[in-house]
Every structure is written in structure tokens, then in C-alpha cells.
Amino acid sequence: MRLTRSLLAYCGLLAVLAGAQSPFGAAQMPPPPPHAKQIHLKHVLVIGQTKGFEHDSVSDAMAAIYNMGKESGLWDTTMRTDTELLTKKDLGRNAKNLNYFDLIVFTSTTGELDLDANQKQDFLSFVHDDGKGFVGIHAAMDTNYTWPEYGEMIGGWFDQHPWMTFNAPIVTEDPDFPAVRHFPKSFVKYDEIYQPKAWSRDKVNVLLSLDPNELDYQNNPRIHRTDHDFAVAWSKMYGKGRVFYSTLGHTEDSWDDPDIRKMYFEAIKWALWMTDGSTASHPRLSASQ
């Protein structure tokens, strides 16, 4: 017991002496050097510019994508509410341009975005010729109506939301696609489902759609599709590049839903060519499927 106490006292004395010899003192040691910036595999540009309707969920979507990249270590995220970086022109001032990025995400952009003719050409080239990716979230289909090539790239345009925000009955059409394979065959999500125009399932791979047998069509003048074919998510190619779109993500609460977050996380990975998934079109599912 005496030996143990003597040893402890000796160790304490050494600690005091060490602190006294330090120019900073024991309680004033300099902080450790900062960690080097983490190197991510990919670079994602998120655009949240709105020239029309203002969705409250834009910030939630942008934050979710930023956090997904940071937590996974798979990408870093640049978030902008302007369109300056949508160019291949050298901007100087340490500003990035499309040559730096691997993916563009539109988070409920609306109206005619601030893009000149050269920016539009660079944007299309980024996906079509460079083989990079694009992910459109909800109102990304409610934008750029005067730019035909944009509609061709994303797959169509907004044409009303017949049931507003409601408990949408959804079916999974491609259970092998990485962004939707976690969904059951049929499920319900409280969200706002867009009706697309200038859209055809022959040009996209429908991943999720509304169950036509569970919808109310009575006294609804906002229903314009006579085929009652309402896609909820799809994948497609645009030239060499990958494109993913989903109407899910209208509400702020949807970005707290792990299913929705996982869908977009996997969609971004797919659009970044980290995973494989089909873009081949397929016929509409029959009632028995």
C-alpha cells in the first residue's frame, strides 16, 4: 500500500514538472493542427433558384443533399440559389464551373431560370456530351417552359397536381432500381404528385407511379391525362448522361422521411455512375402485376 501511494505521488510530481517546463503550461497547450479537408469522390452542384412558386421545402432538400454527401463521404456539395456556376466559362475568383462538377441537382426550381443561351448549351453538354448526371426534385419539372431541350432532358413538364397534397397510393414498377428497391410493392406517401405533360413512358423507365385503381377521378377538372398514367419517379438517359426525376419531396416533412432521403441518396449515387440501374422503358403494369 505504501509503495503504491509513493508511486502515485511520484507520477503526479512528474506531471507537474512537465507542465512547468512547457512554455504554455499544462492547461495552455496549443490546440492540435486542424484535420486536412476530406477528399470526396465527386462534386455535386445543387441549384435552388425559384422564379415562380416558392416551395418551403427547398432549404430542407438542399440541406439533406449536403448532409448525405458529408455523412457518406461520397461527394461534396456546393449549394446555390443563383445559376452563375451553370457554365463552362472560366469565372475566376476561385469560382467553380461545370467542368468541376459531376452532377447537377435542381431542388424545386420554378419558372424561367436566369440562364443565357451559352449557359443553356453548356448545361445540356454537361449531361448529353460529358456523360454527367442530373437529378430533378419535385418542381424541377415546373421550370424552363420556354426551353424545349430542358423538357426533353428531364422528361416533361408540370401540368397540375390533380389531388394537391394527399395520401398518394404508389406502386413500385422497377423493384431492381437502386433508388426504389427499398420500397414495398405498394405503399402510401403524403405528398403532392405532379401530372406531367409532354411526357411519355416510352421515353423513360418508370420506377414509381400512382395506383390508378386507388384514385378518385370524380369532379376533378385538373386531371388532363386521359390514360390516367401518373408517374412518380423515373430514370432515363440524355445522350451519355444519366437523369433521375421524382415528384416526391414537396413538403418539408418529406425530408425527414427516411424512405424519401434514401431514394434521393441512391438516385444521386446512380446518377454519379456509382451504381447500376436500368433506363429501358417498359409497358405499364397491369392490374394483376
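Dividing the radius of gyration of the alpha carbons in the stretch 93-208 by their Kirkwood radius gives 1.00 for Rg/Rh. Annotation for Asp116 and Ala63: the two label points, set 7 Å from Cα along the Cα-Cβ direction, are 3.6 nm apart. Close Lys pairs in the stretch 158-279, defined as Cα atoms under 18 Å apart and 8 or more places apart or on different chains, number 7. Taking the 1.4 Å solvent-accessible surface of the stretch 195-289 as the whole, the part contributed by carbon and sulfur is 45%. Extension gain for the segment Ser186 to Thr226, taken as residue separation times 0.36 nm less the Cα-Cα distance, is 12.1 nm to one decimal.
Stokes-Einstein diffusion for the stretch 160-212 at 10 °C, viscosity 1.306 mPa s, with a Kirkwood radius from C-alpha pairs, works out to 133 µm²/s. Volume per residue of the convex hull around the Cα atoms, evaluated for the stretch 59-107, comes out as 82 Å³. For the stretch 54-146, the percent of C-alpha pairs falling in each 5 Å distance bin, counted from 0 to the bin holding the largest distance, reads 2, 12, 21, 26, 21, 13, 3, 0. By the equivalent-ellipsoid construction on the alpha carbon gyration tensor, the stretch 163-247 comes out with semi-axes of 22, 16, 10 Å, ordered largest to smallest. In vacuo Debye scattering of the stretch 146-289, one point per C-alpha: log10 I(q)/I(0) at q = 0.09, 0.11, 0.14, 0.19 Å⁻¹? Log-scaled intensity ratios, in q order: -0.25, -0.38, -0.64, -1.23. If the segment from Lys197 to Asp216 were pulled out straight at 0.36 nm per residue, it would be longer than the present Cα-Cα gap by 4.9 nm.
Heavy atoms of the protein chains alone define the surface here; on that basis the stretch 60-156 has 38 Å² accessible area per residue at 1.4 Å probe size.
Using the 1.4 Å probe convention, the accessible area of the stretch 215-289 works out to 47 Å² per residue with neighbouring protein chains retained. From largest to smallest, the equivalent ellipsoid semi-axes obtained for the stretch 240-289 from the alpha-carbon gyration tensor read 22, 19, 10 Å.
The values are calculated or read from the model by the stated rules, or taken from the named source; none is laboratory data. Keep in mind that this is a model prediction, so the values were computed, not measured. We place every Cβ from the backbone using ideal geometry, glycine too, and count neighbours over all the protein chains shown. Protein only, heavy atoms only, side chains kept; ligands, DNA and RNA dropped before computing areas. Shrake-Rupley method; radii C 1.70, N 1.55, O 1.52, S 1.80 Å.
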